[in-house]
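These notes are about the structure you will find just below.
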Amino acid sequence: MKKKFWTTFLISFVVFSTIFAIIGHRMLNMDSMASQEEDDYDLEAEKIIEEKGEILFLLMGIDDQDGSGGVESVKAKKIEGENRHRPTGKRTDTMILCKYNFDTGDTTMLFIPRDSRVSIGGRKSMEKINHAHSYGGPYLAIKTVKDFLNVDLEYYVTVDYLAVKEIVNAIGGVEIDIAERMYYRDPADKPPLIIDFQPGLQTLDGEDAIKFLRYRPKDLGDLGRVENQKLFMKELIKQTLRPRNIIKLPKLIKTYYGYVDTNIPLSLVLKGVGTVNKVDFENINTHVLPGEGKYIGGTSYFIPHEEATRKLMEELFGNFVLD
């Protein structure tokens, strides 16, 4: 039972971070008791999920390297309500539409390039999709993705990249086989950013892991960054589940909790625990939004291919595609 519980911790990091955002909230006695209104909402949500047998949610990663905001900062301020992330002004570095099947444990992930050109509520012109979180927090991000991909989406999980740094350091680093040299220098960044990884098998510590996730190849642009993120996430799950690392997981909960936020009801989280052992970590169904890079008005965007996107959405998320 304990092994399943800690396995769930890993899934939570990638596609089910929810578990410790909610359970951790109660473990740390930061919330007394759910209100009757919340209980009623959980029951209604569970009823809907029961019919579909699956849950759809938006997983977002934000980078708070400068310490100006992020999940931990918002929680410390105890800002409540749907727009509680608005004060941080943080854009998303990672945006993944995730589907989890409660019966089979099948997991589907669609990576949405951060430069995708879309309409955002309240804005006069089309902008990059990663701006949505900055303007209106996770709920505006959800609405933007819902309108863009025409899906029934209401849940989110937000993970601060600092959580990645903590976990990677705790397990002694993550091994990544780097195909070619990754070099980038930004002297204007504070402190100056220098990314320089040689090809071959490398063990990345927490700080290097953040650099790896931020790196964008010149020839592939945002799509290259997405591919790096896919590789890293799969390796992190696999390597954290090694026997020598399982015993290190309990002490990470308190630290990890501060970097995760979600609106998924506890009842839905617990519903998935029983199928955790069915998840095939080597074959998580991952896709990238089809499209191509293009400059418009001097700005680099990712332009989604509408027909290919529509077909992919039907194939991957048919139960949630709106009429």
- prompt: Among the numbered criteria (1) closer than 18 Å to residue 302 by Cβ; (2) free of Cβ contacts under 8 Å to residues at least 40 places away in the same chain; (3) not charged (D, E, K, R), which single criterion is violated by residue 213?
  reply: (2)
query: If you scan the range 91-135, which residues turn out to be more than 18 Å from residue 153 (Cβ to Cβ), touching a helix residue (DSSP H, G or I) at 6+ places or on another chain (Cβ under 6 Å) and buried (at least 20 other Cβ atoms within 10 Å of the Cβ)?
result: 115
field: First in the range 111-126 and basic (Lys, Arg), second anywhere and outside any loop (DSSP other than H, G, I, E, B) and modelled with pLDDT under 90, Cβ under 9 Å, 6 or more apart
entry: 114/92; 114/93; 114/94; 114/222; 114/225; 114/226; 123/135
field: Residue identified as polar (S, T, N, Q), free of Cβ contacts under 8 Å to residues at least 40 places away in the same chain and under 19 Å from residue 287 (Cβ atoms) among 150, 228
entry: 228
- request: Among the numbered conditions (1) exposed (fewer than 13 other Cβ atoms within 10 Å of the Cβ); (2) more than 28 Å from residue 63 (Cβ to Cβ); (3) modelled with pLDDT of 80 or more; (4) not aliphatic (A, V, I, L, M), tell me where residue 280 comes up short.
  value: (3)
message: Suppose we keep only residues that are free of Cβ contacts under 8 Å to residues at least 24 places away in the same chain and outside any strand (DSSP E or B) within the range 283-309. Which one would you say is nearest to residue 110 (Cα to Cα)?
response: 290
- request: Quickly run through the range 164-212 and pick out the residues that are surrounded by fewer than 12 Cβ atoms within 10 Å (Cβ to Cβ) and on the phi > 0 side of the Ramachandran plot.
  value: 200
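The values are calculated or read from the model by the stated rules, or taken from the named source; none is laboratory data. Please read all numbers here as calculations on a predicted model, not as lab measurements. Neighbour counts run over all protein chains shown; Cβ positions are idealised from the backbone, glycine included.
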